[in-house]
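Working notes, structure below.
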Amino acid sequence: MTVTRRTLVGIALVAPLSFVGTAFAADPIKIGYQLPLTGNTAQYGQDFKTAAEIALDRFNASGKLPVKVEIVYEDSRSDAKEGVAIARKFVDDEKIVGVLGDFTSGVSMAAAQVYKEAGMPQLSQTASHPDYAKISEWQFRNITTQAGEGPYNADWMVSKGLKKVAVIAEQTDWGQSVTKYFSDELTAKGGTVVMTEYFNRGTPDFRSLLAKIERAKPDAIYTGFFYEDGANFLKQMKQLGYAVPVFSTSAAHNQKLIELAGPDAEGLSLTTNFLPNSPKPEVKSFVEAWVKARGAEPGQFPAQAFDAVNIMLDAIVKTYPKTTRASVRDALAATKDFPGVTGVTTFGPDREPVKQLSKVRVVGGVFSPVAE
Amino acid sequence: MSEITRKGWVVPVLLLVLVFAVAPFTLAQFGKGYFFQVANLVLIFSLLAVSLHLVTGVAGLLHLGHAAFYGIGAYVAALMGTDLKLGFLWGLPAAGLVAALFALVVALPTMRLVSIYFAVATLAIGQMINTVLLNWVAVTKGPNGVMLFSGIKLFGFAVKGPLAVYFVVAVVVVASIWVLHRLSHSYYGNALRSLREDDQCADAMGIDTVRLKIEVFTLSAFFAGLAGALWAYTTGYVSPGDFNFSNSILILAMVVVGGLGSLPGAIVGAVLLILLPEVLRGLGDLRNVMVGLVMFVSILFLPKGLFGEVSALAFVRRNLGVKWGAAPSEREVGWR
Amino acid sequence: MFDPYYLQQLAIGLSQGVIYALMAIGFTLIFGVLNVVNFAHGEVYTVGAFAGLLLITAFAPPFLVVLFVVLAVGAALGFGLERIAFKPFRRFSDEASLKSRAMRESTLMSSLAVSIVAREGLEIAFGSQMQTLPFEYLINKPIAIGPVTIVTGDVIIFVVAALMLGGLQYLLTKTRVGLSIRAVSANPLGAKYVGIDTDRTIVTTFAIGSMMGAGAGILVGLYYGAIFPAMGFVPGIKAFVAMVMGGLSSIPGAVICALLLGLSEGLATTFISSNWADMVAYGFLIVTLIFFPQGLFGAGRERV
């Protein structure tokens, strides 16, 4: 039964491609992509999938390789149980030379144990757990961790004279790192953290927390939230008539935030390494393709996924025709000055990306770059 | 008698052969880690379902927080493995014992509750334990989860490779299920059933119902803790999200779909609800809808479960219960 | 001398509590007649919100029209839910089946299965993200009362909850339908023997209870401006807790406990970190159950 299912899945995946594909093509090279396509975080996974499809279609059309590259998408529901099972499945498939994903650090790290053991390069577009890339030499990520973003934000705020800051973040591994790196730098620069608090992801009501923040009388609020919680937070802040500058991370950089919060999002400042209205040609063409597929501007996360896929493809090109898991890993580790839509990417020796951050602020319903 | 005795050996031997020879051999034929991973999951969830079966199926106490004790076990094993450098042989029993201890502490004041009040108390306990796992960063490392790098080591030998890990998991799970089987198909199990059918009547007949409830709740948490340790060692990474309310409900669904009060049913339910989402992967986004539909249809047509209690008891009695007969000269005990 | 901050927190906690109460009313009503937990109540709430969303985006009718249509949708959902997930399990009317725990628990699971299908279906149709709502429909315009700020939604939800509670009490105590609902929840078999159409009573109760659930869904959706497939989960659990704390059988009890839950969560944020606030609510529940094992308003009262 299992055999037939696997075969069926294989046929279902290969069939449409092989018809459009070249007849002489040898066995395609495969990349695995584990991501949440269903469940509570499905919106992110669906975004990644669209971004990956854009990247892959272009790549295969460009003819950089004589063989086709395929991406096998597997749905992890952001559930560690499923994530690990998928990891084993990818490892079992000898044609898969590299894996992208998962979305959350938790699932990425559970799966990473399998990849570490089996020697499979894993490149996550979003896993920001401080220890993720330390698991083994096989783990890479294409997201600047809070170790870079936190101090950057802290310096920005201090330079604007905002020294008393209330820090709130979601209670996840990512949120923990948001507060840690930001607070360390802020205190080092002479600022004070008047309050640190975590909230559970998906909390509908921030008003109790907001009232508490208001009582602590900070100059500004630094927030580690994703766009949905962010929209709720900003709306309720407006409701309570409370106005202080709010700063945030690249995770909140999503057009949906403005869609959901409307005018209440005005004035939100954040850092990002993706500017959709940047004049760079690679960004322009990605944004165009995205708008065609989705009808709205892409945010930070799809851009990261797009780059992650391209970095992986680039590594495969470099190694071809001796493409193996080990050679892809080495090629990934050697990634230098990759011109992505989220900026020029170089992997350091710790397999962490080094990227340029930019400052943006919501002005008139758009994320506008600011120079401060 | 002789015929029964012979038959009494057949099924357990067949089951053991299935778990220890047929299954690993078949899986090894495919030579794939994926199948072993799924097999491990099935085993771990079978243990969880059977341990919940003792509380919810046999003793009739609706328990909505089972995953929390599973989580305690996983965390104890993982933290002992990383912070204290105590390996699997220490972690496994400790996981069970600590989970049982927690269960005992929370059970003492709450076990006087009956029916739905009990259910909601277990829900609250489960949610509280999960909140602690998530937010007590100093000890549990909070949302960062715990990474457990040291694999399973037994008496100085590292257990490597999916086949060996599978065997370790299978031995622990089979031994635990055997204990749970002996408990639920015994006088003790009958006392629990009397609790389920009519606790006032059981009380009047001299059964200490509160004590019995505390015992069974603690026991079940012990085995959930063992399952947790197995999960921690098979995945190498635990985080609070794996032990939330949805997982409690998933385990409960296994017990009910399989047949409330039926031990084989609990295993059937676990196998079904773990395999189904994997088998349906080909359906893409539709697969979870299908899981819901299959659950619904199975309950609709077999409201007493895929392997209902009555037929399960008959099956156990016929095929596994014979050992309960004492030597011919002695008075026979138990039911056969 | 009294810090207006606490008043503000009190107001916030109260508005949380009213939301839980809105949900708990329907939950308790349905539990009353069947004695089973309806796991799909949270999904009724979600589907109600999505129905409202569709209506708003398609026709942009006035607010009250949205509310009434959603209530009607809710009633239809309740009817359908009862027929699909509950009625089939009443086909065995022999005593053994009626008393069998397996039968009762399987009803619980059938509602769970229906809720999984509904939630996953919504996810496929709409995606799991929060849906965008037209801003003019949101009921979150601030109203300042002295140092305390509340929003229009607080008032609307409070009024709706009060109307529902009042209407329900009237229905239950003054009408024949209410009498039959109370009879069925007190003793289904007895009600059958005295000639009450239990089947119809049960389905009526489901329609009424789900109407309230769906109404709560759209109100809360517009209140927070957040409508997404998993939105019913947390209020569902809280309503369940409130119902049990209130003693299962008493709707006013459930409402009071829902308010208490909301208040305790709101105030807890002041003293401890807000991510621990759940702890207070659940701890409160456990303590209540230890000292009042039948809930706060349960013992010796008539069901419903």
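Quick note: the coordinates plus some simple rules give every number you see, no bench work behind them. As the structure is a prediction and not an experimental result, all values here were calculated from the model. Please note: Cβ atoms are built from the backbone with ideal geometry, for glycine as well, and neighbour counts cover all protein chains shown.
Orientation-averaged projection of segment B:120-255 equals 10.6 nm² [convex hull of Cα atoms, one quarter of hull surface area]. Taking Lys and Arg as +1 and Asp and Glu as -1, the other residues whose beta-carbon sits under 9 Å from that of A:Ala42 total -2. Derived value for segment A:146-272: Kirkwood hydrodynamic radius 14.1 Å. Basis is the mean of 1/r over every pair of different alpha-carbon atoms.
Reachable aspartates and glutamates from A:Lys235, Cα under 13 Å, same-chain residues fewer than 8 places away excluded? Cα-Cα hits under 13 Å: A:Asp205, A:Glu259, A:Asp264, A:Glu266. Note on chain C: Rg/Rh from C-alpha atoms, Kirkwood Rh, equals 0.98.
Among the listed pairs A:Lys49/A:Lys280; A:Lys81/A:Lys359; A:Lys180/A:Lys238; A:Lys116/B:Lys153, those whose Cα-Cα separation exceeds 29 Å are A:Lys81/A:Lys359. Taking the Cα centre of segment B:2-324 as origin and assigning +1 to Lys and Arg Cβ atoms and -1 to Asp and Glu Cβ atoms, the resulting dipole is close to 640 debye. Using only Cα coordinates, the Kirkwood hydrodynamic radius of segment A:266-349 works out to 14.1 Å. When peptides B:146-154, B:53-61 are sorted by average Cβ neighbour count within 10 Å, with the highest value leading, the order is B:53-61, B:146-154. Centre-to-centre separation between the Cα atoms of segment C:235-289 and those of segment B:73-148: 23 Å. Along its first, second and third principal axes, ordered by size, segment B:7-51 spans 35, 27, 7 Å in Cα coordinates.
Summarised as an ellipsoid, chain A has semi-axes of 38, 20, 20 Å, derived from the eigenvalues of the Cα gyration tensor scaled by 5 and square-rooted, with the largest first. Across segment B:1-95, how large is the tail of the calculated P(r) beyond 17 Å, expressed as a percent of all Cα pairs? Considering segment B:1-95, 70 percent of its Cα-Cα pairs are separated by more than 17 Å. Packing around the peptides B:298-309, C:216-227, C:45-56, taken as the average count of other Cβ atoms within 10 Å per residue, puts them in this order, highest first: C:216-227, C:45-56, B:298-309.
Dividing the C-alpha radius of gyration of segment B:61-147 by 2.2 N^0.38 Å, with N its residue count, gives 1.16.
Using C-alpha pairs below 8 Å separated by at least 6 residues, the relative contact order for chain A is 15 percent. For the protein assembly as shown, count all C-alpha to C-alpha pairs, find those more than 48 Å apart, and express that count as a whole percent of the total. So the pairs more than 48 Å apart make up 26 percent of the total in the protein assembly as shown. For chain C, the number of Lys pairs with C-alpha atoms closer than 23 Å, counting only pairs eight or more positions apart or on separate chains, is 4. Averaged over the residues of C:37-43, the number of partner chain Cβ atoms lying within 10 Å of the residue Cβ comes to 1. Across q = 0.16 Å⁻¹, segment B:2-324 modelled as identical point scatterers on its alpha-carbon atoms has Debye log10 I(q)/I(0) values of -1.46, in the order of the q list. If you average the C-alpha positions of segment B:13-71 and of segment A:294-357 separately, how far apart do those two centres end up, in angstrom? If we compute the Cα centre of each part, the gap is 40 Å. Annotation: peptides C:58-67, A:119-128, B:89-98, ranked by per-residue average of other Cβ atoms within 10 Å with the highest first, follow the order A:119-128, B:89-98, C:58-67. Per residue of peptide C:118-130, the mean number of Cβ atoms on other chains within 10 Å of the residue Cβ is 6.
Shielding by partners for peptide B:108-118, expressed as the average number of C-beta atoms from other protein chains within 10 Å of each residue's C-beta, is 4. Computed over every Cα-Cα pair of segment C:1-86 and binned at 10 Å starting from 0, the pair-distance distribution P(r) comes out as 15, 35, 28, 16, 6, 1 percent. Applying Stokes-Einstein at 37 °C and 0.692 mPa s to the Kirkwood radius of segment C:181-231, computed over alpha-carbon pairs, gives a translational diffusion coefficient of 256 µm² s⁻¹.
Within chain C, the selection of entire DSSP H helices by a Cα span of 24 Å or greater along the long axis and an average Kyte-Doolittle value of at least 1.6 returns C:63-81, C:251-271.
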